[in-house]
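We did not get these values from a lab; they are worked out from the coordinates using the rules stated. All values derive from a computational prediction rather than experimental measurement. Neighbour counts run over all protein chains shown; Cβ positions are idealised from the backbone, glycine included.
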Amino acid sequence: MATIAVLGTLDTKGHEHAYVAEIIRARGHQTLLIDTGSGDVPQIKPDVTREQVAAAGKVDLAGIMERQDRGEAVTAMAGAAAVFLSALVASGKVQGVISLGGGGGTAIGTAAMQALPVGFPKVMVSTLAAGNVAPYVGTKDIVMFPSIVDVSGINRISRVLLARAAGAICGMVETTVPDGEDKPLIAASMFGNTTECVNRAKQVLEDAGYEVLVFHATGTGGKIMESLIESGMFAGVLDITTTEWADELVGGILGAGPTRLDASGKVGVPAIVTPGCLDMVNFGERASVPSKFEGRTFYIHNPQVTLMRTNAAECAELGRILAEKVNAYTGPVTVLLPLQAISIISAAGKPFHDAEADAALFDAIRQNLRPGIPLVEMDCEINAPEFAAACAQALLSNMAKAAA
């Protein structure tokens, strides 16, 4: 039997949370109703009052309620809920959490969930779950469950969906995760255009006794990888696909923020870095590409994804950025350049082949990389077997240096 935290604004959505709690208890689990409201009195009696939550975050709840500033209240209670729930989880008092909400409730609930470890069961039933959930999920494994209708009463639709959501959190806490081998971990970045390279390098590293976690370089993937690298959980980093910096610089939709490539330097983890897929910037469907880019070279990856080729000026800046990021690394690091192509579609005869742009990228890396950092240049494409092997062997060498 587990204890599941049912957290939410019980002044506006108390009855709905009570319904979910009832279903959870019917499955044989205990519930802990936590009130994060800041308006009227709760519709139901909570197990944890809003005052207790506020106190955990050192929030002046009385003052906020007196000012009747909803934005201030949501922000304050989101921070306090994160502190309170984290303490409950750390002490083993709850084994899962579910929350229901509209805009404010989703902000509070997911802020609390983002403070919890990866793997801890988290379900957020939200009116916003069908849109852009990146700000709410962040770098954590929060299950966003669309409410379809507003979280406002128990009706023929909400009755079914809330019951299913309650069943989902029960199933999560009831599931025993099988034990696995605790091999040293390596983080790897991958895109569709570098899959062959990463898979080949991954096999070499696995044969050497490592477990490789692959992160899709889609912005969120890069952010998650950076956060986990910074946590110190990896023995090495196979950063073959640094494409997110192209989106960050040019204005695509898959940027990972200005701190992409920083974590390896902060923790001194052994790494290899390549300019994989810095030839492409990601946009949505073709009609979504900003008009200022008209006249550029595009490739329709699929109906929902349009790629734009980076030009020579952008590549020169990307090369400088990559080199300066790597210059800050304190652990053993190697930069590898595949001179014939940095993606499948930038090889000779392919849609993104641009020798001038590639030369600008490589020259900027050469000119800005500090002395002492090994720079390996290979006359092959990024997905060539020999390049993948070189990446894997360079990382194995760097990890051996760090261990010596």
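Structure above, values below:
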item: Fewest-first sequence of Phe362, Phe191 by Cβ atoms within 10 Å of each Cβ; result: Phe362, Phe191
item: Residue-averaged [θ]222 nm for the chain, counting only DSSP H segments that reach four residues, each worth -39500 (n - 2.57); result: -13000 deg cm²/dmol
item: Order of Val289, Val177 - criterion: other Cβ atoms within 10 Å of each residue's Cβ, fewest first; result: Val177, Val289
item: FRET efficiency, 1/(1 + (r/R0)^6) with R0 45 Å, evaluated for Ile300 and Ser397 via beta carbons; result: 0.65
item: Of Ile229, Ile272, Ile253, the one that fluctuates the most in a GNM where the chain has Cα springs shorter than 10 Å; result: Ile253
item: DSSP loop trypsin sites (Lys or Arg not before Pro) with at most 14 other Cβ within 10 Å: longest gap in the chain; result: 157-295
item: Where labels lie 7 Å past Cα in the beta-carbon direction, separation of Asp379 and Ala328 in nm; result: 3.7 nm
item: Segment Gln30-Val177, length gained on full extension (0.36 nm per residue, minus Cα span); result: 50.8 nm
item: Relative contact order (%) - criterion: Cα under 8 Å, at least six apart; region: region 185-403; result: 22 percent
item: Segment Ala87-Ala208, length gained on full extension (0.36 nm per residue, minus Cα span); result: 39.7 nm
item: Sparse-neighbour loop sites [GluC sites (Glu not before Pro); region 165-212; at most 13 other C-beta within 10 Å; DSSP]; result: Glu181
item: The chain: relative contact order as a whole-number percent, Cα under 8 Å and 6+ apart; result: 11 percent
item: Neighbour-count ranking [beta-carbon atoms within 10 angstrom, fewest first] of Ser38, Ser288; result: Ser288, Ser38
item: Of Lys183/Lys266; Lys223/Lys325; Lys140/Lys223; Lys58/Lys223; Lys325/Lys401; Lys325/Lys350, pairs whose Cα-Cα distance is over 19 Å; result: Lys183/Lys266; Lys58/Lys223; Lys325/Lys401; Lys325/Lys350
item: Under the Karplus curve 6.51 cos²θ - 1.76 cosθ + 1.60, θ = phi - 60°, whole-Hz ³J(HN,Hα) for region 156-172, x wherever Gly or Pro sits; result: 4, 8, 5, 4, 6, 5, 5, 5, 5, 5, 4, x, 5, 5, 5, x, 5
item: Phi-based couplings in Hz for region 370-379 (Karplus 6.51, -1.76, 1.60; Gly and Pro marked x); result: 5, x, x, 8, x, 10, 9, 10, 10, 7
